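The next block holds one structure in the form of structure tokens; read it before the comments.
The values are calculated or read from the model by the stated rules, or taken from the named source; none is laboratory data. Everything numeric in this text was worked out from a predicted model, so none of it was measured. Positions of Cβ are backbone-derived with ideal geometry, glycine not excepted, and every protein chain shown enters the neighbour counts. The accessibility values were calculated without ligands, DNA or RNA, using every heavy atom of the protein model including side chains. Shrake-Rupley method; radii C 1.70, N 1.55, O 1.52, S 1.80 Å.
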Amino acid sequence: MSEKKKLDWKKYLIIFVIASGTTVMYNLPYLKSTFYDPMREALGLSHQELGNLISMYGILATILYFPSGFLADKFSAKKLLSFSLIASGVLGFYFATFPSYAALLFIFAAWGVTTIFTFWAASVKVIRMLGDKDEQGKLFGFNEGLSGIAGIVVSFIGLYLFETFSDVTIGFKYVVWMDSGLSILCGLLLLFIIKEKKVEGVDKVGLRETLSAVKLPKAWLIGGIIFSTYMVFSSLTYLNPFLSDVLLVSSAVTGALAIIRTYAIKLGASPLAGIIVDKVGSSISVMKVGFVGVAICELIFLLLPRQQSMGVVAILMMLVLSIVIFGFRGIYFATVAESNIPVKISGGVIGLASFVGFCPDAFFYTLVGGWLDKSDAGYTYLFVLCLACSILGFLCCVALHKMNQKEKSTQAA
């Protein structure tokens, strides 16, 4: 019993280090989300130039999701994680020297490699291998929740550093140093605390095996589930302006709701969803019910009279929607193990599903931003789109569940 408890503690220590490392590493290319003006001032960039850096990173990240699966299947996932965290941190220290614009373009392109190509599929694969099928929901749920805790701690330390130094350039440099140093530290720790299991046949995995994921219907269905979730998740950005601009909810209330959604709900929803999945025994079944809930929320948003008195109903729907979607973010990769994807090719499946699932980054905000700029009906279009995505997600869950059940019946026969 004590040995099992010790093993469980080690699992969650590994998840905590991966979650923390992921948070600080991704902070580096996404610093503009929190420190836009200080970053632009410190680097001496125009809005256009800063936008070019983010676009450079985003384009490479989208392209490299799928090939990251090949690396995860072919090479040591532990070494890939450590390399990614350490290399990203080293690039961060170079970034903190405030180099030329050309050098900044190189750094953001290199971050596209180290945070996605060598890291993404490997990190999901390592978490999957920490437990059997009955534990996947809990493992992925706690990974998302612990990532939220790390994000809160790092964000508040960053704000403290900015308040400590009157010169924003110095404060920004210290924030970059902190994220870079912690990224390197987590990379070094993973080298010592992860003990990799030998996966039979992994040495024979090549590009052909990874590309076989393209022919696997389950991989596309998992990608469809993630895509549907991520589209609705991306729409949460626009619920605050909907509340304030359309339903005339005060800025104080919408600000408080943004904090609750970003921190409190993220911390609780993902681990809770993981525990529910392990109790139910199926992440697909939980998400199938969840997508029905998402569809109901989107339908209510769509039919809601645009009156100030409807603010309370809209706030309630936003909180329900946020709980479900943040819960989904903690469990959607548990569908890989539940679908009996062989571990030796799971990197390819994760890579393809991630490419499909996260491609909204390439078009969603431009599309919705254009709708909202051009017409008062922009929010209506947004809710119709999200309703369609919830139906798509539900159908993908139904199809994947049937496929898994048919496979089980065939094996039993």
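Overview of results
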{"item": "Under 5 Å, built H, 5+ apart or other chain: amide partners of I194", "result": "none"}
{"item": "Share of carbon and sulfur in the accessible heavy-atom surface of region 280-335 [1.4 Å probe, %]", "result": "76 percent"}
{"item": "The chain - accessible surface per residue (Å², probe 1.4 Å)", "result": "45 Å²"}
{"item": "Cα→Cβ-extended label distance, 7 Å offset, between S55 and L272, nm", "result": "4.1 nm"}
{"item": "Student exercise, the chain dipole from Lys, Arg, Asp, Glu Cβ charges, in Debye to nearest 20", "result": "1380 debye"}
{"item": "18 Å Cα-Cα threshold exceeded, pairs from K195/K279; K138/K215; K10/K78; K133/K215", "result": "K195/K279; K138/K215; K133/K215"}
{"item": "Potential lengthening between Y160 and K11 on full extension [0.36 nm per residue; Cα-Cα distance subtracted]", "result": "50.4 nm"}
{"item": "Accessible surface of region 62-104 [probe 1.4 Å, protein heavy atoms]: carbon and sulfur percent", "result": "77 percent"}
{"item": "Net charge contributed by nearby residues that have their C-beta within less than 12 Å of A269 (K/R +1, D/E -1)", "result": "+2"}
{"item": "Where labels lie 7 Å past Cα in the beta-carbon direction, separation of S212 and K374 in nm", "result": "4.5 nm"}
{"item": "Rounded FRET efficiency, nearest 0.05, which uses the C-beta distance separating Y365 from L188 and R0 of 41 Å", "result": "0.70"}
{"item": "Listed residue (L302, G51, W120) projecting farthest to the positive dipole end of the chain, Cβ model", "result": "W120"}
